[in-house]
Amino acid sequence: MGVAPFPSPDLLTSYIAQTEMDRRSAGSPFPPGDIFRYGAIVASHIKQYPSLPRAMDEARNHIRLAAREGRSFASGSVLFAQTLTGGKGRFRRPWHAPEGGLWLVVALFNQWLPQTTRLLPLAAGVSACQTVRQFGLDGELKWVNDVLVGGKKICGILSETFICQESSEEFILVGIGLNVNNTQFPEDLTSLATSMKTCAGHAFDLHGVALDLLAKLRWNIGLLTYGEEEVEGDHGSFMASYRALCKSCGQRVSFGFDVQNNPQYTATVKAICADGGIVLHHLQDGVDIVEHGGELIYLDP
């Protein structure tokens with residue numbers, strides 16, 4: 001199996017300069033060049049593999065190796081794999097990751113304040129949703145960061161904190177799985193999952209989708225960093241983007257920290273907080289609850 005032609009950092013820089021910069025210029029209240037400079041760590045280094053058991057485990061191995069050799073690990077490094085043989089989602093659920101999708105992890109040295117770090121998984125969801133929409137599909141976010149098309153999941157995000165014992169440095173690992181040209185799913189997922197190819201009726205250039213996703217990751221992580229360093233922690237511009245894509249408000253939901261196996265209560269989603277939390281109106285108790293972790297299942301009206 002050959003290695004898929006995933007983007008190089010130089011190609012990403014050219015794509016941003018020639019394409020993404022113009023897209024962002026019209027709608028940004030901040031100088032787009034400054035935002036991309038703040039996000040420039042994203043995909044400054046890219047590695048690709050024909051297959052991995054788990055991309056997050058490989059990222060941990062690279063971080064440990066750099067520490068043992070006395071090197072600095074390049075924050076923002078991206079690892080792509082054509083397939084994952086042992087992919088895991090939230091709560092160790094198996095993640096189906098065959099050839100044809102985009103399976104990657106972004107390894108970020110944690111340089112941010114806690115209020116910004118909490119928004120990094122949301123930034124990954126916004127980026128993936130914007131890419132899906134860029135290629136003509138009606139993507140939307142379900143809190144926290146699942147991307148749906150037609151009510152089915154097309155992209156999942158998993159974020160984990162990793163403290164390297166050899167260096168005592170903390171990293172945020174953000175895994176992204178985007179179904180692009182893969183169309184076959186396990187039986188228990190056929191009614192829940194979809195892909196870009198299934199939705200559009202044609203295949204996509206995987207290289208082009210990857211390039212666009214990395215550009216949008218660089219923008220959204222740059223926007224968070226700019227908000228922290230230049231606008232005194234104001235992430236209003238980023239959260240406006242998130243709220244515009246998130247369609248969870250008004251939904252009747254089941255909530256839980258492992259909601260498939262242990263639903264805790266049913267509620268109506270009232271609002272998305274400025275810090276990325278969610279306001280749920282508890283249907284049994286009639287009180288409003290703010291949650292910052294967990295997951296939702298949409299219920300029939």
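Overview of results
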| item | result |
| --- | --- |
| Restricting the range 16-26 to residues that are hydrophobic (A, V, I, L, M, F, W, C) and assigned to a helix (DSSP H, G or I), the residue that is surrounded by the most Cβ atoms within 10 Å (Cβ to Cβ) | 16 |
| Count - residues of the range 27-58 that are surrounded by fewer than 19 Cβ atoms within 10 Å (Cβ to Cβ) and either outside the structural domain of residue 110 (by TED's automatic domain parsing) or in contact (Cβ under 8 Å) with a residue 60 or more places away in the chain (or both) | 6 |
| Meets criteria (modelled with pLDDT of 95 or more, among the charged types (D, E, K, R) and under 30 Å from residue 79 (Cβ atoms)) for residue 216 | yes |
| Selected residue (only one of 216, 197 is in contact with a helix residue (DSSP H, G or I) (Cβ under 9 Å, 6 or more places away or on another chain), surrounded by 15 or more Cβ atoms within 10 Å (Cβ to Cβ), in contact (Cβ under 8 Å) with a residue 12 or more places away in the chain and not hydrophobic (A, V, I, L, M, F, W, C)) | 216 |
| Those residues of the range 257-294 which are aliphatic (A, V, I, L, M), touching a residue at least 60 places away in the same chain (Cβ under 8 Å) and in contact with an Asp or Glu (Cβ under 9 Å, 6 or more places away or on another chain), in sequence order | 278 |
| Output for the range 143-177, where each listed residue is among the hydroxyl-bearing types (Ser, Thr, Tyr) and within 21 Å of residue 104 (Cβ to Cβ) | 159, 161 |
| Subset tally (residues that are under 27 Å from residue 209 (Cβ atoms) and either assigned to a strand (DSSP E or B) or out of contact with any helix residue (DSSP H, G or I) (no Cβ under 9 Å at 6 or more places or on another chain) (or both)) for the range 163-185 | 10 |
| Residue 286 at pLDDT below 95, surrounded by fewer than 14 Cβ atoms within 10 Å (Cβ to Cβ) and not β-branched (Val, Ile, Thr) | no |
| Tally, over the range 109-143, of residues that are part of a loop (DSSP other than H, G, I, E, B) and either under 22 Å from residue 227 (Cα atoms) or in contact with a His (Cβ under 7 Å, 6 or more places away or on another chain) (or both) | 7 |
| Strands (runs of 3 or more DSSP E) (entirely within the range 226-299) containing at least 1 residues that are closer than 17 Å to residue 148 by Cβ, out of contact with any helix residue (DSSP H, G or I) (no Cβ under 6 Å at 6 or more places or on another chain) and among the aliphatic types (A, V, I, L, M) | 252-256, 265-272, 278-282, 295-298 |
| Unmet requirement for residue 244, which otherwise passes all of (1) touching a Cys at 6+ places or on another chain (Cβ under 9 Å); (2) of a type in the set (A, V, I, L, M); (3) without any contact (Cβ under 8 Å) to a residue 60 or more places away in the chain | (1) |
| Selection count, the range 144-153, where residues are under 12 Å from the mean Cα position of the chain (by Cα) and either of a type in the set (Phe, Trp, Tyr) or part of a strand (DSSP E or B) (or both) | 2 |
| Which listed residue, of 209, 269, 253, is within 18 Å of the chain's Cα centre (by Cα) and at pLDDT 95 or above | 209 |
| Flag if residue 82 is assigned to a strand (DSSP E or B) and not β-branched (Val, Ile, Thr) | yes |
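Every residue, every condition in (1) touching a helix residue (DSSP H, G or I) at 6+ places or on another chain (Cβ under 8 Å); (2) small (Gly, Ala, Ser); (3) crowded, with 19+ Cβ neighbours inside 10 Å; (4) outside the structural domain of residue 205 (by TED's automatic domain parsing), yes or no:
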site	(1), (2), (3), (4)
63	no, no, yes, no
67	no, yes, no, no
80	yes, no, yes, no
103	yes, no, yes, no
129	yes, no, yes, no
136	yes, yes, no, no
148	no, no, yes, no
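The values are calculated or read from the model by the stated rules, or taken from the named source; none is laboratory data. Remember, it's a predicted structure, so these values are computed and weren't measured experimentally. Neighbour counts run over all protein chains shown; Cβ positions are idealised from the backbone, glycine included.
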